[in-house]
Amino acid sequence: SGFKQHLTYLVFIMGVLYTDLVAGCAAGMAHDALLHPVDTLRARLDVRSGSGGANPLRAMMHEARQVIHSDGLAGLYRGYVLCLVGSAPANALYFSTYQACKRYFAASGVDEARMLSPLYDAASGLCAEVIAAGLWTPLDVVKQRLQASVAAAAALRGIQPQVLPCVG
């Protein structure tokens, strides 16, 4: 009976709702479309030496002008394709895993008053982050290198057919 109950919970968790996946994917894509240029500027400023004492807003605006002058608006979206390729599935995994964990806790007999505890939200978030980070972290390293350096982008384009077929 215990095995059957655990198997039922496992099937329940694996039965992630399609809407959770789609919602996570859409949220990630909207987030990336709006904030990727800021992330690109941040990545470029992170690798620049000697900008620690500068006004952050002024440094960001100066970097934006430089990128737009040298590469046009497309320069602000360097690494964006890789971002979408990794972020959409990672966000879909995050949201669906989070909801699956919440449903698991609810189905495991935890009373409703205890389900409102931040502990269950934190546990669900931790599980979701571990799953999503396994996919997103390696891709994020490559994305930041693309954003930060034209030389890095050129080097990665040289290995594109073997390793990164979607980076353009």
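The values are calculated or read from the model by the stated rules, or taken from the named source; none is laboratory data. Remember, predicted model here, so these are calculated numbers, not experimental data. Glycine gets a Cβ as well: all are built from the backbone with ideal geometry, and neighbour counts include every protein chain shown. Surface accessibility is based on the protein's heavy atoms, side chains included, excluding ligands, DNA and RNA. Shrake-Rupley method; radii C 1.70, N 1.55, O 1.52, S 1.80 Å.
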Inset, instruction - Report, by residue number, each residue of the range 103-120 that is open to solvent by 60 Å² or more (accessible area, probe 1.4 Å), part of a helix (DSSP H, G or I) and not aliphatic (A, V, I, L, M). - result: 104, 112, 114, 118
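Can you pull out the residues in the range 94-111 that are touching a residue at least 24 places away in the same chain (Cβ under 8 Å) and farther than 12 Å from residue 126 by Cβ? If you could, list the steps in order and put the result at the bottom.
Residues of the range 94-111 that are touching a residue at least 24 places away in the same chain (Cβ under 8 Å), as a first pass: 94-101, 103-104, 107-108.
The answer is 95, 96, 99, 100, 103, 104, 107, 108.
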Legend entry - Filter result for the condition that a residue is at pLDDT 90 or above and surrounded by 17 or more Cβ atoms within 10 Å (Cβ to Cβ), over 100, 90, 128: 128
